[in-house]
2 protein chains.
Amino acid sequence: MQRDDTPYLLVDDDRLRRNIERLAEWAADHGLRVRPHAKTHKCAQVAARQLDAGATGLTVATIGEAEAFADAGFTDLFIAYPLWPSESKATRLRALADRAALRVGIDSVAGARQLAARLRGAPVDVVVEVDSGMRRTGVVPEEAGAVAAAARDAGLSVIGVFTFPGHGYGPGSARVDAARQELQALAAAAESLRRAGIEPRVVSGGSTPTVAFADGGVLTEVRPGVYPFNDAQQLELGSCDADRIALVAMATVVSVERPPTDPDSPITEPGSPLPDPSSPTPEPGSPIPEPRRRVVLDAGSKILGADRPGWASGFGRLLDHPEARIVSLSEHHAVVEFPGSGIPELGALVRVVPNHVCTAVNLADELIAETAHGLERWPVIARGANR
Amino acid sequence: MQRDDTPYLLVDDDRLRRNIERLAEWAADHGLRVRPHAKTHKCAQVAARQLDAGATGLTVATIGEAEAFADAGFTDLFIAYPLWPSESKATRLRALADRAALRVGIDSVAGARQLAARLRGAPVDVVVEVDSGMRRTGVVPEEAGAVAAAARDAGLSVIGVFTFPGHGYGPGSARVDAARQELQALAAAAESLRRAGIEPRVVSGGSTPTVAFADGGVLTEVRPGVYPFNDAQQLELGSCDADRIALVAMATVVSVERPPTDPDSPITEPGSPLPDPSSPTPEPGSPIPEPRRRVVLDAGSKILGADRPGWASGFGRLLDHPEARIVSLSEHHAVVEFPGSGIPELGALVRVVPNHVCTAVNLADELIAETAHGLERWPVIARGANR
């Protein structure tokens, strides 16, 4: 592995450890257990650092992720997803329950009954998912008790409620508003369980943008995922600073756009209105931007991921060039626009911060980690484990 | 492999073969050679069908993809990318040149000299990349001769010019306009080489949206990638019909949004203005849409890919529900909105067409193919081969 053998994902283990310890201390001070979402890193080395820092277990998204971490020796796993298991998935769930303390999500009466029928009494706890405003999965809080009661009556062990305030991924006050809705929804859901005669032992929430607002008076645990690495989304949402970015894609400048030599050439004329399928559509009436110099990197959507929320400034950020913007992304090209100065040369190495680190990591078979013991290869043990 | 063990990518081999044969016949009728881009499928089985139908070789994007296909027995490979090889990459390139007819791209004088220095005389042909309006990589056509001459003088074997009209991925007349610019740029670049005393044997263009407009009078070969499978982008651009979609993600309905039981509940109130971070921002002044029913599928961005150009109607399409729209996509959730009727039930299997099949395939370790011989597993041999 040569440093200039780009593109690859590089982890700064020192920053990683500090990000993990900072959250662990904050949670301890607020009386919250931490059950980090392992879909972000899919790495035993990162999970081990999280448990060493006090995490009580791991959250995963799929049965396959749970199997990968159980194989790596992690024995307290929450599949925070409303499973509708096929017969073969149910067989795998029952096998998992033999070797790990296992929790799964439910969000409907029908789902609870189907899960109970397929688990056939295997020791799996269930947690009712509640919608706190994202409008993805989860029942309205007031219905959590009815779903919990149906699950209990179907023979399942109901231990509490959980939500994911994913609508906190937004500009302005979205984080604060989502965190408030999260608390309200979880409080109402917990009360709905109590009215159904079920005392919730687990009231689980938290996402990296909203975790700082979690309230130990309502929640018992938080499940942030992105915080060990952070990414360009967190940077632009203001939930981390640049010095807390612990994972970058190392890339090489492979092409530099030159000023046109032929002023009549329609092709690279500055400010040319040629369609650029990937760059954001300008607001109606916005002025044509001043021409900026473009360079192309060998890191594209097949290593950074194509995630680009409407509020993001581009398809990722350059850690050492805060003024630069990734204006378009292809599978193996990132087109970066720079103001007049500080443009890296052909062949230069640059550090790219992915917009969404969870999808970037899932594209790599291994992470290259810069540790106190030198460069290490960390296998992404649950890469592509979607089932 | 059970059919309900979702999510997974399923190939319809009958449609795949017809898509491949249709393009092969069209190209033969127009005097064009076909060098399909293998970054789309990364599969030996698909490449073999393309060569059986008359393709002269394969196009790839990286040295790693070239190695994967050389290992699988494919011996005529074009790395259509302006390489800036590290020492270790150059060593791999020289090894590839010993076992395959190898072509690579260049798009600058400096790049040509660096490549020549690192190849140390290895038998690799070079092709000058030209920008035809996408403003990604490639020189302006009039400069192709200067880059070609510098490459020749550095000891490289220059065989022609190529371009990728990626700006044809757009609504309205984008395809036609890009195809016209592609022809103009390649004709000008070929003339520029001739003025530099280099006769271009290869004039290479073509993308799936623009290939139908390719002109055998200017081009010698086309390099479409997506056409064997097609995807939701091609469907919405009008470059294929639904009956030519040969790859889908099989998914299960895991959650169904229920009408609110409490009219005061702010959480699932129809038409509620709660932020939805992933759905497209409505046009200013557009009316609030009528409430539609939502279901959630277990296929998210980790199997479909997160690609979503501004002109796309959503994050993919449902092959059997043309009226449905994927309004938001998370890593393991697709939120689909349906009009009042025809909504699949909890546990139902649905066929999802990814927006961009190249990035979807790159997320999977294998494709499940429905063939005349039954279900087959096709390994994605170049998955993640970004270097």
Members of the stretch A:184-201 found to be open to solvent by less than 20 Å² (accessible area, probe 1.4 Å), aliphatic (A, V, I, L, M) and within 14 Å of chain B (Cβ to nearest Cβ), listed by number: A:A185, A:L186, A:A189
Set A:R33, A:R18: member being touching a Ser or Thr at 6+ places or on another chain (Cβ under 8 Å) and touching a residue at least 24 places away in the same chain (Cβ under 8 Å): A:R33
Every residue from the stretch A:100-113 that is in a loop (DSSP other than H, G, I, E, B) and either more than 14 Å from chain B (Cβ to nearest Cβ) or open to solvent by less than 10 Å² (accessible area, probe 1.4 Å) (or both): A:A100
Positions within the stretch A:136-161 being charged (D, E, K, R) and either closer than 27 Å to B:S330 by Cα or within 14 Å of chain B (Cβ to nearest Cβ) (or both), in sequence order: A:R136, A:E142, A:E143
Residue check, A:A97 in a loop (DSSP other than H, G, I, E, B) and either open to solvent by less than 10 Å² (accessible area, probe 1.4 Å) or away from every other protein chain (no Cβ under 12 Å) (or both): no
All positions within the stretch B:363-384 that are touching a Gly at 6+ places or on another chain (Cβ under 8 Å) and open to solvent by 30 Å² or more (accessible area, probe 1.4 Å): B:D365
Sole exception among (1) open to solvent by 10 Å² or more (accessible area, probe 1.4 Å); (2) in a helix (DSSP H, G or I) for B:P171, by number: (2)
Residues within the stretch B:289-305 that are within 24 Å of A:W311 (Cα to Cα) and either open to solvent by 20 Å² or more (accessible area, probe 1.4 Å) or in a helix (DSSP H, G or I) (or both), tallied: 5
Scope the stretch A:350-362; condition away from chain B (no Cβ under 14 Å) and either crowded, with 21+ Cβ neighbours inside 10 Å or out of contact with any strand residue (DSSP E or B) (no Cβ under 7 Å at 6 or more places or on another chain) (or both); matching residues: A:V353
Qualifying residue in the stretch A:202-209 (condition: over 20 Å from A:G31 (Cβ atoms), modelled with pLDDT under 95 and open to solvent by less than 40 Å² (accessible area, probe 1.4 Å)): yes
Among the residues listed as B:V353, B:V335, the single one being in contact (Cβ under 8 Å) with a residue 24 or more places away in the chain and in contact with an Asp or Glu (Cβ under 7 Å, 6 or more places away or on another chain): B:V353
Hits in the stretch A:331-349 (condition: assigned to a strand (DSSP E or B) and either crowded, with 24+ Cβ neighbours inside 10 Å or touching a Gly at 6+ places or on another chain (Cβ under 8 Å) (or both)): A:A334, A:V335, A:V336
Residue within the stretch A:212-224 that is open to solvent by 10 Å² or more (accessible area, probe 1.4 Å), within 20 Å of A:A24 (Cα to Cα), more than 10 Å from every other protein chain (Cβ to nearest Cβ) and outside any loop (DSSP other than H, G, I, E, B) present: yes
The stretch A:222-241 residues that are without any contact (Cβ under 8 Å) to a residue 12 or more places away in the chain and of a type in the set (D, E), paired with ones that are open to solvent by 10 Å² or more (accessible area, probe 1.4 Å) and not in a loop (DSSP other than H, G, I, E, B) (beta carbon under 6 Å, 6 or more apart): none
The stretch B:306-324 - residue that is open to solvent by less than 50 Å² (accessible area, probe 1.4 Å) and at the interface with chain A (Cβ under 9 Å from one of its Cβ atoms) and, of those, farthest from A:T62 (Cα to Cα): B:P309
Test for A:R18: is it within 25 Å of A:A212 (Cα to Cα), outside any loop (DSSP other than H, G, I, E, B) and either β-branched (V, I, T) or touching a helix residue (DSSP H, G or I) at 6+ places or on another chain (Cβ under 9 Å) (or both): yes
Which numbered condition A:V327 misses (of (1) within 22 Å of B:S86 (Cα to Cα); (2) free of Cβ contacts under 8 Å to residues at least 60 places away in the same chain; (3) out of contact with any His (no Cβ under 9 Å at 6 or more places or on another chain); (4) surrounded by 20 or more Cβ atoms within 10 Å (Cβ to Cβ)): (1)
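Yes/no per residue for (1) in contact with a Cys (Cβ under 8 Å, 6 or more places away or on another chain); (2) open to solvent by 10 Å² or more (accessible area, probe 1.4 Å); (3) on the phi > 0 side of the Ramachandran plot:
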residue: A:Q50; (1), (2), (3): no, no, no
residue: A:V60; (1), (2), (3): no, no, no
residue: A:A66; (1), (2), (3): no, no, no
residue: A:A90; (1), (2), (3): no, no, no
residue: A:L115; (1), (2), (3): no, no, no
residue: A:G121; (1), (2), (3): no, yes, yes
residue: A:V128; (1), (2), (3): no, no, no
residue: A:E142; (1), (2), (3): no, yes, no
residue: A:A148; (1), (2), (3): no, no, no
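The values are calculated or read from the model by the stated rules, or taken from the named source; none is laboratory data. From a predicted model like this one, the values you see are computed outputs, not experimental measurements. Note: ideal-geometry Cβ built from the backbone for every residue, glycine included; neighbour counts use all protein chains shown. When the accessible area is computed, the model is the full protein with side chains, heavy atoms only, and any ligands, DNA or RNA have been set aside. Shrake-Rupley method; radii C 1.70, N 1.55, O 1.52, S 1.80 Å.
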